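Values in this text are rule-based calculations from the coordinates and carry no lab data. Keep in mind it's a predicted model, so treat the numbers as computed, not measured. Methodologically, a virtual Cβ is constructed for each residue, glycine included, from the backbone with ideal geometry; neighbour enumeration extends over all protein chains shown.
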């Protein structure tokens, strides 16, 4: 597939790297000459220096023959105009645009019209807010991801030294408890990703992800030692940019008491007109004195959502020392994510990875329904539809022989049934299959899973 990417920043380069690995022909259009040089040194892709809204630049990039356009520059206007130019080239079958505007809902309708015909409009802050809110609403977990239209849930948790599971193997855990319809799909140990097998044992400090049918999640959490906690009532948000405002607005609607800290007075005044149920504090939400004065001790969640990763990490650690029950940090530098988890921050989120996940879902084969990336892109959760023609349909998992580093976490049937399968489970037509895999194995898994059987074979 020939793909033109507008914008060679963090998101554009991440997407490009993955697409190149998956044997796509990628061209990046980037205006900054220094960034172009870095891209040329680090990527096996064609780099075109120029502006994304220039017709001649896009022609040089080969847009006329491209199959897809991905517009992820820092400018909403350039992204929209790039899609408009692509609309004049009938070969461009798929168009994706990132928009940050607060009027994104109105823009979605414009982008979906015949004028632009954009297939996917991504709003990073809104989609990141969705994940943050789920974590705030469910104390005791670090992350939650939904599959199969909410019928299957994947939740993350930190294994503390006093947790009864420490030192036990996967087989022992499987035998110990009542929740049989669940699976520990991934274990993050420092910067290492483990797709666990029966003999693997948990250690204190591990960060684990467990997949489970939605209606059994509560019992599985209790079994794993996650204490039942009341829903959040008091939340502090640091950072008055769009993400912080989006989260505050939605917490307001849930009746949560919210304080939002912003050091810029003019911005505080503007935010106060948007947030009617939130206390907007003009002050440094990373300052110990300010936090004490605002009664941080015992708050249910502290959300560090500034535009500075280092500030967010340090502020989250400070909030824990001052008595916050849960600390959440926005960390966009991918190489910072493992460090943040090792330091004891309860949850970390990246708007960049959120955007990358959504784009990869569109780029990959048509029966890939969702993609979620974990830990510096080292692992992925993939939701696929088993087509009637797939060579794996009608076979048990034991017969499939997935490579080490890959596991089928759940199967959601069209009937509504959900099972966390064992080796004798059979993949049926139209099943939604959720797999967990090391990143390096993903192209192979997708190609073999979706590959149709050869003609003439029985």
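Table for the structure above
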| quantity | calculated |
| --- | --- |
| Cα-based radius of gyration of segment 92-245 once divided by 2.2 N^0.38 Å, which approximates compact folds | 1.32 |
| Sequence-separation-based contact order of segment 354-450, relative, with Cα cut under 8 Å and 6+ spacing, percent | 31 percent |
| Sites residue 134 and residue 201 - FRET efficiency at Förster radius 22 Å, r taken between beta-carbons, to 0.05 | 0.15 |
| Ranking of 265, 99, 369 by count of other Cβ atoms within 10 Å, fewest first | 265, 369, 99 |
| Reference-scaled alpha-carbon Rg (2.2 N^0.38 Å with N residues) for segment 129-171 | 1.42 |
| FRET efficiency estimate (nearest 0.05) - Cβ-Cβ, residue 60 to residue 169, R0 56 angstrom | 0.45 |
| Sites residue 287 and residue 252, calculated FRET efficiency, Cβ-Cβ separation with R0 25 Å, nearest 0.05 | 0.55 |
| Relative contact order computed over segment 126-270 (Cα-Cα under 8 Å; 6+ residues apart), in percent | 25 percent |
| Residue order, fewest to most beta carbons within 10 Å, for 47, 237, 122 | 47, 122, 237 |
| Kirkwood Rh and Cα Rg combined as Rg over Rh, evaluated for segment 274-401 | 1.16 |
| Directionally averaged shadow of segment 91-175, computed from the convex hull of its alpha-carbon atoms, nm² | 9.7 nm² |
| Percentage relative contact order, the chain, counting C-alpha pairs under 8 Å, at least six apart | 11 percent |
| log₁₀ of I(q)/I(0) at q = 0.13 Å⁻¹ - segment 354-450, Debye sum with one point per alpha carbon | -0.41 |
| Percentage, to the nearest whole number, of Cα pairs in segment 2-122 over 24 Å apart | 19 percent |
| Reference-scaled alpha-carbon Rg (2.2 N^0.38 Å with N residues) for segment 234-324 | 0.97 |
| Extension gain (nm, one decimal) between residue 44 and residue 295, 0.36 nm per residue minus Cα-Cα | 85.1 nm |
